[in-house]
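All remarks here apply to the structure that follows.
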Amino acid sequence: MLNISPIFNAMMRNKSSIILIVMQIALTLAIVSNAAFIIKERIDTMQRDSGLPETQLIGFDVYFYDDAVNIANQLLLDQQKLLEVPGVIEATPINQIPLSGSGDSWSFRNQLETDGAISSGAGVFIGNYNIADVFGHTIAQGRNFRPDEFVIRDNNGNVPKVTIITQALADELFPESNAVGKFIYSTDIPIQVIGIIDKMQGSWVHSSLVEKTALMPMINVKQFMRFIVRIEPKEVNQVIASVQELLLALENRRVVSPAETLIEKKERSYQSDKLMTNMLVVIITVLVFITALGIAGMTIFNVNRRQKQIGTRRALGASRMEIQRYFMTESALIAGLGIVIGVVLALVLNNYLMTYFSATSLSLNYIVTTIVGIVLVIEFAVFWPARKASMISPAIATRSV
Amino acid sequence: MLVMSGINKVYQTEQVQTHALREFNLSVAEGEFVAVTGPSGSGKTTFLNIAGLLENISSGDYQLDGQSIVGLSDRELSRLRNEKIGFIFQGFNLIPDLNLYENVDVPLRYRGFSNKERKQKIEHALETVGLSARMKHLPSQLSGGQQQRVAIARALAGEPKFLLADEPTGNLDSLMAKQVMELLENINKQGTTIVMVTHDPELARRAQRNIQIVDGQLCDFTIYQGGTVNNDTDKNAVA
Ligand SMILES: Nc1ncnc2c1ncn2[C@@H]1O[C@H](COP(=O)(O)OP(=O)(O)OP(=O)(O)O)[C@@H](O)[C@H]1O
Ligand SMILES: [Mg+2]
């Protein structure tokens, strides 16, 4: 037996008493559904596969301040010595460290002529010819670098002639054909794609280029260099602790930064996302809690205000269940009004976020899930006040004037 | 219609124990119009609440329309109130946020009548009290006497056998009180049993039978319309 219409009519004759709570529910719905959506997006971003064995890879910076040092020779010596350290599987000097938030990108074309070329940016990782092995990649198509393809570039203008690129970059530059064997151009020097790896994220985790990565066998000699080392999982901490000392013992006219795993670098890169999600979780919790309190408070107030009415209804034949149901229905109707307005607000808010903060379009699932959540929380919050109402003695109908 | 035997009602508050009804015996026959008088605090409302199943009894037995109500569940009691009993209160007790139509509808909805049945019963009840033209008005837009007439319509709409009124004219001036009283008399003539608590000896005298409650006990002065006074305090003279 649904008795919605008289409850609704009575409510509508008291609009001013419900307008605040309706608006509160609407705002909660709008904010919570958008916040939940943003949280989900951020979590998805954070949980993307980087294509790298993050726990096994460490990176550190090396800064040569003394011109007297032969940097290229020193780096190759360092590499050799690092490979002798127990637990070290692979190592290479490198220009940038993945997921770290700093590094280089180049722009590539799929043909020499700029006219009509497809071009794409890519994070370019340059190191020794073993660079793909250092990152633990398997070559999905084509082949790995050969030792003779490795070049040292100081001021002689040497450029590698070969590259291994990710599938994402291959798909971008050669959407219709297999990239292996094709030439790509950054300047007008052709670089041949000799191999393809499935996945490797670059240095900027929030960039659209993050999945577009190229590897090249070269040392581009500069004062500021980096190393990347892959280590047996059990030995990681040991190597991190000793690596600085080892390198300074070989050559102390330089600064060697403390080594870190890629996990730590990654966490730092995603720190703002983490902070944002935590903040949004707090906001959601607080909002839902306040809304629950608000509607529970309103129901308690209404129950007290309507004691005589409740007693009268009981005298006229309402059972306890029916009184309880009355207040549960009333709050559900209020929630319903809030939800109708809230859905509109949620879409407006999402639109605003899309326009000004390059958010994506809110999926309807989030609105629906939030609605279900809000209704459950509201009915839960109202259950006890409604039960209290049902316990009011029918005798109050004759006792209070 | 109503048989109370050996009813006690004790209110227990933190410090005081109030014996509101003691060894209370009464029977009211179908079709009677009984007026209940008595000093303030003597237990009239308590009696009416028990008669109307609004309060439970501490001990004794109460049979309503041939059925003992002792041990019934809340659901069963609510159902009985809804079907057999109509209430009229001193303060009218209309629901302020519902219009007259919706107010009269309240007990009918609990009864589970169909839309069509309810509409017909509501219109008939409002017609009986002469307020059909104001169905969409809210109670606050009516005078006290009109409000009480709506309350009577509400009590009548479900065609209960038994009408209970606690000081129905207590908040009305004498003219309006007279109108309400006439309405109740008409309803009684149609066969509805009425028990009415009143302070007004004038109105009480118009009932078929007067009973007086003093200190939680019954003093039965039965006045028949013929005018004979039957001063029988011990048991119910009418069966
Ligand atoms: N809920 C309660 N708790 C405790 N005592 C109560 C309660 N209700 C009534 N009483 C007491 O029971 C006694 C009878 O009260 P009742 O309301 O029945 O009197 P009454 O005859 O209707 O009085 P009045 O003419 O003033 O309406 C009074 O002493 C009253 O204080
Ligand atoms: Mg009283």
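From the list B:R109, B:R75, the one residue that fits, being surrounded by fewer than 17 Cβ atoms within 10 Å (Cβ to Cβ), among the basic types (K, R) and either farther than 22 Å from B:D166 by Cβ or away from every other protein chain (no Cβ under 11 Å) (or both), is B:R75. Looking across A:G121, A:G103, A:G116, one residue alone is surrounded by fewer than 17 Cβ atoms within 10 Å (Cβ to Cβ) and under 17 Å from A:S208 (Cα atoms). It is A:G121.
Of the residues examined, B:E30 is one that is away from ligand 1 (no atom under 12 Å from the Cβ) and either within 18 Å of B:P160 (Cα to Cα) or in contact with a Phe, Trp or Tyr (Cβ under 6 Å, 6 or more places away or on another chain) (or both).
Within the range B:163-175, residues that are at the interface with chain A (Cβ under 10 Å from one of its Cβ atoms) and free of Cβ contacts under 8 Å to residues at least 40 places away in the same chain reach no partner that is among the aromatic types (F, W, Y) and away from ligand 2 (no atom under 13 Å from the Cβ) with beta carbons closer than 9 Å at six or more positions or on different chains.
Scan A:V375, A:V348, A:V368, A:V343 and give me the residue that is surrounded by fewer than 20 Cβ atoms within 10 Å (Cβ to Cβ), closer than 14 Å to A:A26 by Cα and out of contact with any helix residue (DSSP H, G or I) (no Cβ under 8 Å at 6 or more places or on another chain). After ruling out the rest, the residue left standing is A:V368. If the condition is being of a type in the set (S, T, N, Q) and either without any contact (Cβ under 8 Å) to a residue 12 or more places away in the chain or within 12 Å of ligand 1 (Cβ to nearest atom) (or both), then the range B:9-27 contributes B:Q12, B:T13, B:Q15, B:Q17, B:T18.
Does any residue of the range A:306-323 turn out to be within 11 Å of chain B (Cβ to nearest Cβ), in contact with a Lys or Arg (Cβ under 6 Å, 6 or more places away or on another chain) and surrounded by fewer than 23 Cβ atoms within 10 Å (Cβ to Cβ)? Checked against the condition, which is being within 11 Å of chain B (Cβ to nearest Cβ), in contact with a Lys or Arg (Cβ under 6 Å, 6 or more places away or on another chain) and surrounded by fewer than 23 Cβ atoms within 10 Å (Cβ to Cβ), the range A:306-323 yields at least one hit.
Filtering the range B:117-134 for residues that are within 16 Å of ligand 2 (Cβ to nearest atom), free of Cβ contacts under 8 Å to residues at least 60 places away in the same chain, under 30 Å from B:T37 (Cα atoms) and within 20 Å of the chain's Cα centre (by Cα) leaves an empty set.
Quick grid of which residues meet (1) modelled with pLDDT of 95 or more; (2) surrounded by fewer than 23 Cβ atoms within 10 Å (Cβ to Cβ); (3) within 24 Å of A:T312 (Cα to Cα); (4) away from ligand 2 (no atom under 16 Å from the Cβ):
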| position | (1), (2), (3), (4) |
| --- | --- |
| B:E14 | no, yes, no, yes |
| B:E23 | no, yes, no, yes |
| B:S27 | no, yes, no, yes |
| B:E55 | no, yes, yes, no |
| B:L94 | yes, no, yes, yes |
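Checked against the criterion of being within 30 Å of A:V372 (Cβ to Cβ) and within 14 Å of chain B (Cβ to nearest Cβ), the range A:44-60 has no qualifying residue. In this structure, A:L77 does not satisfy being part of a loop (DSSP other than H, G, I, E, B) and of a type outside the set (S, T, Y). The residues listed here are A:M354, A:M328; of these, the one that is assigned to a helix (DSSP H, G or I), under 25 Å from B:I95 (Cα atoms) and away from chain B (no Cβ under 14 Å) is A:M328. If you filter the range B:134-151 down to residues that are over 14 Å from B:E102 (Cα atoms) and more than 13 Å from every other protein chain (Cβ to nearest Cβ), you find that the one that is surrounded by the most Cβ atoms within 10 Å (Cβ to Cβ) is B:Q148.
Counted as qualifying within the range A:143-258 are the strands (runs of 3 or more DSSP E) with 3 or more residues that are free of Cβ contacts under 8 Å to residues at least 60 places away in the same chain, namely A:162-166, A:190-197. Taking B:V70, is it in contact with a strand residue (DSSP E or B) (Cβ under 8 Å, 6 or more places away or on another chain), exposed (fewer than 15 other Cβ atoms within 10 Å of the Cβ), more than 10 Å from every other protein chain (Cβ to nearest Cβ) and among the hydrophobic types (A, V, I, L, M, F, W, C)? So B:V70 fits the description; yes. Counting only residues that are more than 6 Å from ligand 1 (Cβ to nearest atom) and either hydroxyl-bearing (S, T, Y) or closer than 25 Å to B:Q67 by Cβ (or both), the range B:33-53 holds 11 of them. Applying the criterion of being within 16 Å of ligand 2 (Cβ to nearest atom) and part of a loop (DSSP other than H, G, I, E, B) to the residues of the range B:29-53, the residue that is farthest from the other protein chains (Cβ to nearest Cβ) is B:P39.
The values are calculated or read from the model by the stated rules, or taken from the named source; none is laboratory data. Because the structure is predicted, anything quoted here is derived from the model rather than measured. Neighbour counts are summed over all protein chains in view; Cβ atoms, including those assigned to glycine, are modelled from backbone coordinates with ideal geometry.
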